[in-house]
1. Between Leu329 and Ser194, what is the label-point separation in nm under the 7 Å Cα-to-beta-carbon projection?
2. Could you report the range 84-139's accessible area per residue, 1.4 Å probe, as an integer in Å²?
3. Please go through the range 322-421 and write out the GluC sites (Glu not before Pro) that DSSP classes as loop and that have at most 12 other C-beta atoms within 10 Å.
4. Each label point is 7 Å from the Cα along the Cα-to-Cβ direction; what then is the distance between the points at Leu143 and Glu394, in nm?
5. Using the heavy atoms of the protein chains alone and a 1.4 angstrom probe, what is the accessible area of the range 245-318 per residue in square angstrom?
6. Taking a cut-off of 16 Å, what percent of all Cα-Cα pairs in the range 325-432 are separated by more than that?
7. Can you tell me how much longer the chain between Ile369 and Thr449 gets when fully stretched, taken as 0.36 nm per residue apart minus their C-alpha distance, in nm with one decimal?
8. Multiply the residue separation of Ser315 and Gln495 by 0.36 nm, subtract the distance between their alpha-carbon atoms, and state the gained length in nm to one decimal.
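The values are calculated or read from the model by the stated rules, or taken from the named source; none is laboratory data. In this text the structure is predicted, and so the values were computed from the model without any measurement. Cβ placement follows ideal geometry from the backbone for every residue including glycine, while neighbour counts extend to all protein chains displayed. Just so you know, the surface numbers come from the protein's heavy atoms only, side chains and all, with ligands and any DNA or RNA stripped out. Shrake-Rupley method; radii C 1.70, N 1.55, O 1.52, S 1.80 Å.
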Amino acid sequence: MIRLCKFEKRGGSMAVFSEKRVLEKKQNHVRGIVTAGQVSANDIILWSVFLMPVHIALFGAGQCIVSIGLFAGNVFMWLFLSKRMNSYAAFSNQKIYNASEFFAARYGSISLKNLSSFIWIAALGAILVSVMKTVVKITSEILDINRYLCLFVFLVVLVLATILLDSGIIGICKTIILVAVITVAVTTIVYVFSVYHASELLDLYRKSNIPTDTSRYLNILYYKGKLVEVTDVISMLAVGIGCIGMPLMYKEVINIRDVKRLDRSGICAVVFEGLAILSTSIVALLVAPVIHPDKLEEIGNSSDFYNMLYQSLLSGEEYAQPVRIGILLIYLLAVIILMESLMRTVSEHVRGLIPSFHKTFSDNVKMIINISVIVLVGIAVFICAGCLEFNSLEVIIVGWGICAGALAAPCIMALMWKGATKTGMLRGMETGLLVYLIWKFVPMINNMTMYEATGVCADLVAFLFSLAAIIILSMFTQKTDEEEQKVFEQMRQSQR
């Protein structure tokens, strides 16, 4: 029987997020796989399920360079950062439940904790609102229901899931959904090649309206029929920096106390991510010949992508309709799981900004305040998604870029460099955020932004400026106290 977690304040976190587990005995046996699935699902669903397929189908294999960057970013995190975060939380005498609390514990700085929380709330909140707006638009059109009613129903589900479900249960669901997504993608590839001969596919590529000839369309070195430039490659690979600046992996690895399970999580995560990125990219490249004579330009979003693909692929099959609906449901559940994770993380960081409860407060009062935070986040998402008009894709990219530019370097340096200081961290975050916004949005050369003028993405430039600010200022500002230095040294020795 599922036990509902207590809602209590622990070092700045809600107990609904404090990782008190349900089904404890069972989870002990699958913890590594569940953590891998929980962490991997977020980036994979956002990019390989929600964003990338449409762009790969429309513009060709050159877009797959982004996928390579995402994979590299995730591998870097698991190889170099996950064990350090886990070890530091274990050796520290302070309770650490997420990346913001890690900054507070390492540098004894509430301002550093709050700044990182503010940035993550803004960035992840923007991504959540954008994904929600897109899903609601698609769902309301398909079901022919009022958009605001659809938005309300989605948010009620997310709020209740965040309040009532332990994140361990969510982790199991994420793992199952991620495995299902990979299975569907691999099965689709096998099915396509069992229905079409290679020569037939090549002939269909020539007849379809791909933006260039077949050889260039399927060549990762070409984008929209043109050879990719060095700046294009750098910018697409730099998307992977955003993985390092996202807080979701750090939160999950903190809660593992068995190093073997942590190692197993890393291996499983790399396998999950590799299979998901590769299989979904191949599926995207097969869309053009499969949907012919329908045109690629008719694909306006991920819903159109999957609907057109499986409608064409399963046409004439006896169980085509239920199979297609089942596949589309898997992809919808994947996106819902992503939104719940974003909702949970944003709510946790909002709660962390509220001062600690007085010890005399009853559990009921604490529970009411914690639930109120989640409900208020839901209301804010409803207002933003329902009332504001914006380009959802662009906002997602900006939210991701802010994480890359403002927080990736601080996360790396706080875990990798003993000499990084509080001042360096603060100025590094501020510099990264400022440089990202200026490079991305402020016209500077012939009424063009620096991104438009140079072709180099703001994510990478902001990351480099942030990294430089941390290194330079840390060299001339006060180091952490002796006790913290001992904890860091213990953490570093444990990696050998």
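1. Distance between label points: 2.2 nm.
2. Working: 1580 Å² over 56 residues.
Normalised by residue count, the accessible surface of the range 84-139 is 28 Å².
3. Working: sites: Glu340, Glu348, Glu389, Glu394; in loops: Glu389.
Qualifying residues, ordered by number: Glu389.
4. Inter-label distance under the simple model: 3.0 nm.
5. Working: 2950 Å² over 74 residues.
It amounts to 40 Å² per residue over the range 245-318.
6. Details: 4344 of 5778 pairs.
Tail of P(r) above 16 Å: 75 percent of Cα pairs.
7. Working: separation 80, 0.36 × 80 = 28.80 nm, distance 4.36 nm.
Extending this stretch completely gives an extra 24.4 nm.
8. Values: separation 180, 0.36 × 180 = 64.80 nm, distance 5.44 nm.
Between Ser315 and Gln495, full extension yields an extra 59.4 nm.
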